[in-house]
Amino acid sequence: MRTFRVLIVDDSIVMRNMIAKLFDQDPQFTVVGFAVNGANALDKIVELQPDLVTLDIEMPEMDGLTALNQIMTFHPVPVIMLSSYTEEGSNAAMKALEYGAMDFFQKETLFQKTRNALTEEEFLLRCKTAMRKKLFLRNETNMLGKEQSVKSHIEMLTFLLKMEEDLLQFQDELHQKIRQQNGLLKKFRKEQDEFIYTTWQGSLFDRLGIKEAQAIGKDIHTIFPKYMADHMLQYYEWAWSMGEVVDFETEWHGYYFLTVLRPIKTNGLIREIISLTVDITESRSMEERIRYLVHHDPLTGLPNRQVLTKWIEDAIVQKERFAVVFVNLDQFKLANESLGHDVGDRILQVIARRLKNSYLTQNLHVFRVGSDEFIGLVKHKSRDELDVYTQNIVQSINQPIRIREHEIYISPSIGISQFPEDDQDPETLVRFADIAMDYAKELGGNQVQYFSPHIYAKIERRMTLEKHLRKALEKNEFILMYQPQVNVIENKIVGFESLIRWDSPQLGRVSPLEFIPIAEDTGLIYPIGKWVIEEACAQNKHWQRLGLPKVSMAVNLSSKQFYDRSLCEQISNILQDTGLEPQYLELEITESMTMDVQVALATLNSFKNMGLQIAMDDFGTGYSSLSYLKEFPIHHLKIDQSFVKDISVNPTHAAIVNTIITLARNLKINVIAEGVENEEDLRLLQDFHCDTVQGYLFGRPVEADQVPEIFARFGKA
């Protein structure tokens, strides 16, 4: 039974896994890979050579229709289009079929809340129909190897040489062609069971010390080493006895040669054999290089996915216990976009070397399987041994990478599946490790997660959130809440932090801890982030017009926003449209955004030059270097609430908080303590000379219409 190889292209990890799970129901389909956008799909098609592609229409970077057009132009393969928001009869759907898509399916029909087996069966049947139709896809160009071309060419030459005695007028031309090929023309006949050379023309073997005068009248064993003569002799015997054209290869002193033998008959009897030999060392070296590139990543030198699959299959046959360790680099895409692809390539080379050296044992094999994805296959005896290996990986990758003037911090999200516990199929083991890795990334990254069945529930929840999140902004389902920041010495409000909330009619209130990571993964963070800045600035200006005190409004930036080159222009336009003065807008960044100090410093100075306030949020939980902290134009340092909470009963946290406050005061940076919830913690913070706090003790986040009451409670002074 023919098995069809499927490539799944979708920007949603949830949807990719749902589609893969659907194909798993039919043994005629094998999912060989995934792509996250159109550009990635084009690379994967070249790499994996799938028989069928499922392609999402709505994707960042390169959408499905653009990708489909490129696929049909350069890499024709049957494509099934999938979409969440495009109706089957819409212009986009018709355009997809016009471009060459075999079929179109709506995701909401395929993945209903209650599973519909008939719909799933119809989808798989239509995929098979697409495979049978295939239309007339453009044939890919087949590049004939240089070696085959040479073989054909010299076979033609030997044929012409056969006619040499009757076509003497062509002799000069023939020998000229032989010289052009750097060839060696030999003629020999069989005398008393020995093959004796009668003609030896050409300088091919001069460099090996064999010239015409030494070869004429000699037999094969006199001229060539025994191992080589024995190898050649079998072909000589075959050509002489069978009367057929024979070709063979030999290797001598590091050179590779191709020889073609053509028997010459007179009255039906073979009287001699014409032999033409050419040097194919260059083409053979190229062939070996191509064979290497087929199985290895050219950038890092690591084996690729093809070798990975073979390794897993062999390990399963041998019934060896092993783990698939899927490693994704959390901040790589950000570094690659902000620092350039040359630096990105250097980062990947460093990480590859660290992975190979993180566990020096023959029981570890490392493969590169994606742009920023690696897989380690580890033979292990226990979970404890596996834990040691993964911790070595985390510690190794967490070390700063210094490239040129950049100091770059990368962290890994790691997912693990195990044989035989989790599954016994190679593709499934890799997919399970991939799912566990995505779960680790969803939880914040820089951690290890083992695959377990309960992760599927998380995936279904994420899929539902993503589906509704895409339409939440246009349906006005987001609101901002505002939490006061209080100067406890003067007992007055000095600012508010704006906090986004999502009130979904279908899902209820959704925590930003759930939907913000999804927004970042899908690119929705850009329009959502812009809306937050617009809403916060407009609201602050509205309060000022009501006569309330002028205080700063803090807005949290995501890492993608921070590295968006259009952000400064965007903020400038918003301030102009709302009329808010720049000193009353404070941008909150996290330590991890400053992993590349030079880029972060340039961006922060741009904010400063605009007159904006800057706060570093969640200080103490990230990677910022203290040596660079003094260089950043920071106005406020916000101590993470995980340190502040219960410091009155936790001496370790109290010491950390006191150290941060002292450091900030020495750098002349104001400190805001987050998460203050009781009087005991507040008194200790005041003893540490922390005057500005934020937390439930002074007020929970409230909607905009309740803010005037908070001002009234603290007074307007």
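The numbers here are math on the coordinates, done by the rules we state, and not lab data. All values derive from a computational prediction rather than experimental measurement. All Cβ positions, glycine included, derive from the backbone under ideal geometry; neighbour counts span all protein chains shown.
All Cα-Cα separations within the range 1-142 were binned at 10 Å from zero, giving a P(r) of 12, 47, 36, 5, 0, each value a whole percent of the pairs.
To the nearest 0.05, what FRET efficiency results for LEU269 and HIS221 with a Förster distance of 25 Å applied to their C-beta separation?
Values: r = 25 Å, r/R0 = 1.00.
About 0.50, to the nearest 0.05.
Derived scalar couplings between HN and Hα for the range 41-58 equal 4, 4, 5, 5, 5, 5, 6, 9, 6, x, 8, 8, 10, 9, 10, 6, 7, 8 Hz in order, rounded to whole Hz, by the Karplus curve 6.51 cos²θ - 1.76 cosθ + 1.60 (θ = phi - 60°), x for Gly and Pro. For the range 304-452, the spread of Cα coordinates along the three principal axes comes to 49, 29, 25 Å, biggest extent given first. Of all beta bridges that DSSP places with both ends in the chain, some 60 percent have antiparallel geometry. Helix 383-398 axis versus longest C-alpha principal axis of the chain: approximately 80°, rounded to the nearest ten. Could you tell me how many degrees, from 0 to 90 and to the nearest 10, lie between the Cα long axis of helix 281-295 and the main elongation axis, the longest principal axis, of the Cα atoms of the chain? It is inclined by approximately 30 degrees.
For each of TYR255, TYR696, TYR99, count neighbouring Cβ atoms within 10 Å of the residue's Cβ, then give the residues from fewest to most.
In order of increasing Cβ crowding within 10 Å: TYR696, TYR255, TYR99.
In this entry, the range 216-255 is assigned a mean projected area of 3.4 nm², taken as a quarter of its C-alpha convex hull surface. Counting only alpha carbon atoms, the long axis of helix 567-578 and the longest principal axis of the chain meet at about 30°. Residues of the range 492-515 with an amide N closer than 18 Å to a point placed 7 Å from the Cα of ARG713 along the Cα-to-Cβ direction: 492-499. Compared with the alpha-carbon gap, the fully stretched path from HIS253 to GLN192 is longer by 18.9 nm at 0.36 nm per residue. Alpha-carbon geometry of the range 645-717: the Rg and the Dmax are 14.0, 40 Å, given in that order. Each Cα pair under 8 Å and six or more residues apart adds its separation to the average, and for the range 575-623 the resulting relative contact order is 50 percent.
Quick check on the range 1-66: take the gyration tensor over C-alpha atoms, sort the square-rooted eigenvalues as a ≥ b ≥ c, and tell me if it's rounded (a/c under 1.5), prolate or oblate.
Values: a/c = 2.53, a/b = 1.49, b/c = 1.70.
The shape class here is oblate.
Taking the Cα centre of the chain as the origin and placing charges on Cβ (Lys, Arg +1; Asp, Glu -1), which of GLN399, THR259, PRO412 is farthest toward the positive end of the dipole? Farthest towards the positive pole: THR259.
A viscosity of 0.692 mPa s and a temperature of 37 °C, combined with the Kirkwood radius over C-alpha pairs in the Stokes-Einstein formula, give the range 551-658 a diffusion coefficient of 221 µm²/s. Neighbour counts of other Cβ atoms within 10 Å put HIS341, HIS221 in the fewest-to-most order HIS341, HIS221. What separates the Cα centres of the range 410-463 and the range 286-322 is a distance of 22 Å.
Rounded to two decimal places and with Rh computed the Kirkwood way over Cα pairs, what is Rg over Rh for the chain? Display every interim value, and only then the final one.
Numbers: Rg = 35.2 Å, Rh = 31.1 Å.
Taking Rg over the Kirkwood Rh, I get 1.13.
Counting neighbouring beta carbons within 10 Å and listing from fewest to most, the residues THR594, THR281, THR259, THR464 come out as THR281, THR464, THR259, THR594. On the basis of the beta-carbon distance and an R0 of 56 Å, GLN306 and ASP577 show a calculated FRET efficiency of 0.55. Computed with the Debye formula from one identical point scatterer per Cα of the range 467-714, without solvent, the log10 of I(q)/I(0) at q = 0.13, 0.14, 0.15 Å⁻¹ comes to -0.84, -0.99, -1.14.
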